[in-house]
Amino acid sequence: MHSSEDPVGDPSGRPDRPRMTAAEGPAPASPDEEAQDGARQALLSPRYLKLLLLSVLLGVPISLACFFFMGLLHWLQNEVWTSLPKAVGYKQPPWWWPLPALALAGVILAPIVSRVPGRGGHVPVNGLGGAPVGPRELPGAVVAALATLPLGVVLGPEAPLMALGSGLALFAMRGMTHGKSPADPQAVALVATAGSTAAISTILGGPIVAAILVAEAAGLAGARLVVLLMPCFVASATGAVVFTGFGEWTGLSIGGLSLPTVPPDVDPDAGDFLWGIPLAVLIAAGVALTRGLGRVTHRWTTARLTAPRTIACALAVGVLITAYALITGRSPEEAALSGQVTLAQLAAQPGAWSVGALLALVVCKGLAWGICLGSLRGGPIFPSLMLGAAAALACAGLPGFGATPALALGMCAAVTAVLGLPLSASVLTVLLMGPDAHDQMPLIMIAAVVAHLTVLLVNRWRGASPRKE
């Protein structure tokens, strides 16, 4: 039996819990315990449960909007790079095809980035971050994507999809408040994030990748992470089900990111790690320097004369894609666009490209991507996957270095370098590799860590911030 001056033991037996005396009474809760209690109360509050229900309901219309957006984008891309060349007598786009296509893209985008609210969406050199796109800025972002991405802009559809998701979510929320801005800014941010997650999950392999990407980018943990993730999970899961089912029902192709076939599974050995680790360093450093080019073009186009300089950047992209076609004798479509089609071809038949063609693809498409990052509009993920895979497969002929490990580490290193999110990059790579991912996971994880550290060192050397999201 304890006296009044003896400390009273913790009945739970937890050694890390603050002790108390009978005279003092219960010890005050720690900040972490208070945060956990606050999060639990928030999860059960009527307002939060209404937000969860709203997230589920928003997942359906957002996924349908994204489905038709991607279907239209894929159709336009096919018309520009397949149907139209055949209609004028070419089996594939001729070497000069990118010049008028990219010039037209620049002419269309120039007034959008200089005059339209929202400037056509966020600048892709800043990753996938930034403020949510609202209803007022949404039309410019959608028009910019639909009018320019199919013409050969070396960017992906993921950022416009996120803009579409957040814009529609905020539009629905504003409609529920009869046109007035909601009073709770946290609720607005949460609903916008859920909308963006529902949209991007439709092309990134499902809700898991999207939710992890949001969590890792937010830098949260513990109960606060649960509060953020639950609306994103329910919205993205609902959207993924509707998106997949509607695609099977209509039979429409939306050109999502996938690798139907990968090289035969080969277990990575010591040689793959000996070649792979320095290759991951080179790929990450190359992506970091390419983003530096994007920052240069962004400063140049926004300093003055934004419209004509945007057109000039689009023309420069056209010249680089044309150079690839002239150097290799291959279709310029391989170096244009976001790269998911070429990536699938590379994964299915890595031997169909010579080392010289792969290196030309990396240089020409890489420079074009760097210019697009700072001057045009789209997402940075798809082209980085393509470039990382091409750079790694160009080295797959080295003694003891297999094509399957090269493909896995190349994609993971490149996405890690462009997003600064190694966990998200690893999960995305694992899903893309499919059944072959199990044996490649150690190499994928090492590539993610090495790439992330490399980017930090390169940015320190350049005097830049690691990420500007």
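Each value in this text was obtained by applying a stated rule to the coordinates, not by laboratory testing. Values in this document were obtained by computation on a predicted structure and should not be read as measured data. Note that we place each Cβ from the backbone using ideal geometry, even for glycine, and neighbour counts take in every protein chain shown.
Data overview
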read-out: Sorted by Cβ neighbour density within 10 Å, fewest at the top, the residues F171, F69; value: F171, F69
read-out: L84, L346 arranged by Cβ crowding within 10 Å, fewest neighbours leading; value: L84, L346
read-out: Amide H partners (placed H, <5 Å) of G156, local residues excluded; value: G379, I381, F382
read-out: Taking N as its residue count, the alpha carbon Rg of the stretch 80-120 over 2.2 N^0.38 Å; value: 1.54
read-out: Gyration tensor (alpha-carbon) shape descriptor, the stretch 266-317, a/c threshold 1.5; value: prolate
read-out: Order of R304, R462 under a 10 Å beta carbon neighbour criterion, fewest first; value: R304, R462
read-out: Cα-based shape type of the stretch 83-190, given that a ≥ b ≥ c are square roots of the gyration tensor eigenvalues and the cut on a/c is 1.5; value: prolate
read-out: In sequence order, calculated HN-Hα J values of the stretch 299-316 (Karplus, 6.51, -1.76, 1.60; Hz; x Gly/Pro); value: 5, 5, 6, 9, 5, 6, 6, 4, 4, x, 6, 5, 5, 4, 5, 4, 5, 4
read-out: Unit charges on C-beta of K, R, D, E only; dipole of the stretch 81-189, Debye; value: 240
read-out: Global geometry of the stretch 282-419, whether rounded, prolate or oblate, following the gyration tensor of its Cα atoms and the 1.5 cut on a/c; value: prolate
read-out: In Hz, Karplus ³J(HN,Hα) per residue of the stretch 285-296 (6.51, -1.76, 1.60; θ = phi - 60°; x = Gly, Pro); value: 5, x, 5, 4, 5, 5, 5, x, 4, x, 5, 5
